[in-house]
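Novice: Supplied in structure tokens, the structure appears directly below.
Here, each number is a calculation from the coordinates, and none is a lab measurement. These numbers come from a predicted model, not from an experiment. Because the Cβ atoms are built from the backbone with ideal geometry, glycine has one as well, and the counts that use them run over all protein chains shown.
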């Protein structure tokens, strides 16, 4: 069985202990900062700050490097293509209709650092918040419990379905099947694999339905004297003073940015 | 406390003109509070269905028709579902029962569903994890645990809800010997602790945990009797397809003398997965034509990784693998499939065709072999599958699915067979079928390379290769390696 789609890195840091709703709020304010302050220096400081925050809270460098690798292709594409879409200022090189300009390069750098800042804001949430707490945060913010559970189960079973695909493809390859030829032919030859994966997924979902039902999903619990009781939550989220302090700090930061934009940028 | 009287159950027809399947026929037993009952039966005899009916899941979630009487923990199960936590069920495939991100969350989930006050949940989670020896892995993901740990976790999650009746469906099913020993030890503490439990099994070690046992054959039950008596009557268990004791096994003889020509040559084989995990560290191996080689070793030793190099599913990070004298590196998996028939673990995940016939014919067609119909029909007949030819493989029982995967291999008639844990989860009838076919292939001069945890099977090989941490640690005759 494959590992679930989970980015959480288990540590005992203050950021890990921080209420996930505050971290969600921080992530949104991070997004807002990346969009509202279009300056290479601000984006760079935000990115550096996120790296220091994560490293300081026990997230190993290899995890951050992994995120850099995930983003690498997108960043290269932005840096290569963006300068030609938004040329402005002094022309550095011109080849036919294409013009590489100073303004275009700055714009591309800005887009790239903004994209990275957003990715690391999401990383700061996912690397330090376990799935249970994350789902609980959404539920406490108004998402129905069954939706939260569905979200969690999706994260759990997506890799299992991917593994099923690999297993079926290997089973077919071991019996002499080779996908070759043009794209259309390959797609047609993959159809039996897809059918098998769909059937396997349906069977998996059947078994999961039984497992959830056997553990009391959807059925009201009762005390020994037949009184119905509600589902409870172990380690429910509770805002502590540190959480309020960080929440206040983030909110004040957002207000300061808004004030500065209103007062000095119109 | 747990009662069945004239209990009958039939699954609905799966369509395609196929009839409804009668799964339980006139099953009857009484189990008192604190008692334990073992239900022994071969694969497909109705054991899981019995558990699902008694847990209130069938026909509620499966469809089908039920009649008779079933009472558990004082509830009429057939009339209304038992309230959450009254009846606990450990599913045969523990991995599908686990769905939360961490081990401790898995145990807490059921307690939350019961409405347990949050301040009590921590202590109860702790107690359940301690009882089943899982405290050390409490923050890990359930899906990275070993099979034995997953089974114990599923057991801990069910037990933590303090069910008045505990149903355990094949608690030792699908586990290697180490996993079986771990779970057996956990079950012993449950049985000694006075839990009311019903467990289904085809393994005598598990049945021995209960003082009484009934035998299910094609959905019909014998009256419960003393477990010691049932286990003494080995003939009945063999006839029911439950046991296949080694003294009945066929001999694995090869006609004449073995050729010295190697069919598989492995030189300095190193392999690392893409995540950096190095699984093999310099394996050297030469397998002559017609030899029966058993590859043994603990979980994670690199056995399956080595085997997957023989048909090109994995390619060496360093070193070479030659099959029939040709370097496997320059050959496609499709080409290697002509020489090496490969059997994976978990047959239910390998079946993809619309019918059993098409499943068996798939490889024959993919390799452009002659006489497709003849090969398929002979393979179906060899594994008693002719009656299932037009049935979708996905709706068959585990044992029949395993037979389909063997038939798909048999139809290819390859000179080398590489089998990855072919014996896991097999009952007596399936063992008999597998061993008879292997003996037949061996007599035909086919080279057999089998990864196994079953030492009885390894002892029948010409040669045993023991792996540990990706290296060969012993290689020789069974007497020398197994001691």
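Novice: Over 17 Å, how big is the tail of the calculated P(r) for the stretch B:334-483, in percent of all Cα pairs?
Specialist: Summing the P(r) tail past 17 Å for the stretch B:334-483 gives 63 percent.
Novice: Give the percent of DSSP beta bridges with both residues in chain B that are antiparallel, rounded to the nearest 5.
Specialist: So the antiparallel bridges in chain B amount to around 55 percent.
Novice: Could you give the length gained on full extension between residue B:436 and residue B:386, defined as 0.36 nm per residue of separation minus the Cα-Cα distance, in nm?
Specialist: Extra length available between residue B:436 and residue B:386 comes to 16.2 nm.
Novice: Compute the angle between helix B:398-410 and the longest alpha-carbon principal axis of chain B, please, reported from 0 to 90 degrees and rounded to the nearest 10.
Specialist: So the inclination is approximately 10 degrees.
Novice: Quick check on the exposure proxy: order A:138, A:262 from fewest to most C-beta atoms within 10 angstrom. Write out the running numbers ahead of the final one.
Specialist: Values: A:138 18, A:262 9.
With the fewest neighbours first, A:138, A:262 line up as A:262, A:138.
Novice: Please state, as a whole number in µm²/s, the translational diffusion coefficient that the Stokes-Einstein equation yields for the stretch B:167-227 at 4 °C and 1.567 mPa s, with Rh defined as the Kirkwood radius across alpha carbon pairs.
Specialist: Numbers: Rh = 12.2 Å.
Reported coefficient: 106 µm²/s.
Novice: 7 Å from Cα along Cα→Cβ at both residue B:253 and residue B:69: what's the point-to-point distance in nm?
Specialist: 5.8 nm
Novice: Could you give the length gained by full extension between residue A:262 and residue A:12, i.e. 0.36 nm per residue of separation minus their alpha carbon distance, to one decimal place? Walk me through the numbers before you get to the answer.
Specialist: On the way: separation 250, 0.36 × 250 = 90.00 nm, distance 3.98 nm.
Extra length available between residue A:262 and residue A:12 comes to 86.0 nm.
Novice: Right, next: Can you list, largest first and rounded to whole Å, the semi-axes you get for chain A by taking the square root of 5 times each eigenvalue of its Cα gyration tensor?
Specialist: 40, 34, 15
Novice: Another question, if that's okay. Across peptide B:333-342, how many C-beta atoms of other chains are within 10 Å of each residue C-beta, on average?
Specialist: So the per-residue partner count for this stretch is 4.
Novice: On a 0 to 90° scale, report how tilted helix B:372-382 is relative to the longest principal axis of chain B, with both axes built from alpha carbons and the result rounded to the nearest 10.
Specialist: 50 degrees
Novice: In addition: Could you please state, rounded to a whole Å, how far the C-alpha centre of the stretch B:272-327 is from the C-alpha centre of the stretch B:122-151?
Specialist: 33 Å
Novice: Once label points are set 7 Å from the Cα along Cα→Cβ at both residue A:166 and residue A:207, what is their separation, rounded to one decimal in nm?
Specialist: 1.7 nm
Novice: What average count of beta carbons from other chains do you get within 10 Å of the Cβ of residues in B:110-121?
Specialist: Values: counts 5, 6, 9, 11, 8, 11, 5, 3, 5, 2, 2, 4.
Neighbouring Cβ atoms belonging to other protein chains average 6 per residue here.
Novice: Assuming R0 = 41 Å, can you tell me the calculated FRET efficiency for the pair residue B:20 and residue A:140, based on Cβ-Cβ distance, to the nearest 0.05?
Specialist: The pair residue B:20/residue A:140 has a calculated efficiency of 0.30.
Novice: Averaged across B:358-366, how many Cβ atoms of other chains sit within 10 Å of each residue's Cβ atom?
Specialist: Numbers: counts 1, 1, 1, 0, 6, 6, 2, 3, 7.
Partner Cβ neighbours, averaged per residue: 3.
Novice: Rounded to two decimal places and with Rh computed the Kirkwood way over Cα pairs, what is Rg over Rh for chain B?
Specialist: Expressed as Rg/Rh, it is 0.99.
Novice: Considering only the stretch B:248-482, what is the antiparallel percent among its DSSP beta bridges, to the nearest 5?
Specialist: In the stretch B:248-482, approximately 55 percent of DSSP beta bridges are antiparallel ones.
Novice: Okay, next question. Measure nothing fancy, just the Cα-based angle from helix B:103-113's long axis to the longest principal axis of chain B, in degrees from 0 to 90, nearest 10.
Specialist: The two axes meet at around 30 degrees.
Novice: Here's another thing I want to ask about it. Among DSSP bridges having both ends in the protein assembly as shown, what percentage is antiparallel? Round to the nearest 5.
Specialist: 55 percent
Novice: At 7 Å along the Cα-to-beta-carbon direction for both residue B:459 and residue A:28, put a label point, then send me their distance in nm to one decimal.
Specialist: It is 6.8 nm.
Novice: Further question: So what's Rg/Rh here for the protein assembly as shown, counting alpha carbon atoms and using the Kirkwood radius for Rh?
Specialist: Reported Rg/Rh, Kirkwood definition of Rh: 1.02.
Novice: Next question, about the same structure. Please report B:326, A:23 as a ranked list, fewest other C-beta atoms within 10 angstrom at the top and most at the bottom.
Specialist: With the sparsest Cβ surroundings first, the list reads B:326, A:23.
Novice: Could you work out, for the stretch A:145-217, what percent of all Cα-Cα pairs fall into each 5 Å distance bin, beginning at 0 Å and stopping at the bin that holds the largest distance?
Specialist: Over the stretch A:145-217, the share of Cα pairs per 5 Å bin runs 3, 14, 19, 21, 14, 10, 8, 6, 4, 1, 0 percent.
Novice: A further question follows. Where does each of B:51, A:121 land when they are ranked from fewest to most other beta-carbon atoms within 10 angstrom? Write out the running numbers ahead of the final one.
Specialist: On the way: B:51 25, A:121 21.
Lowest count first: A:121, B:51.
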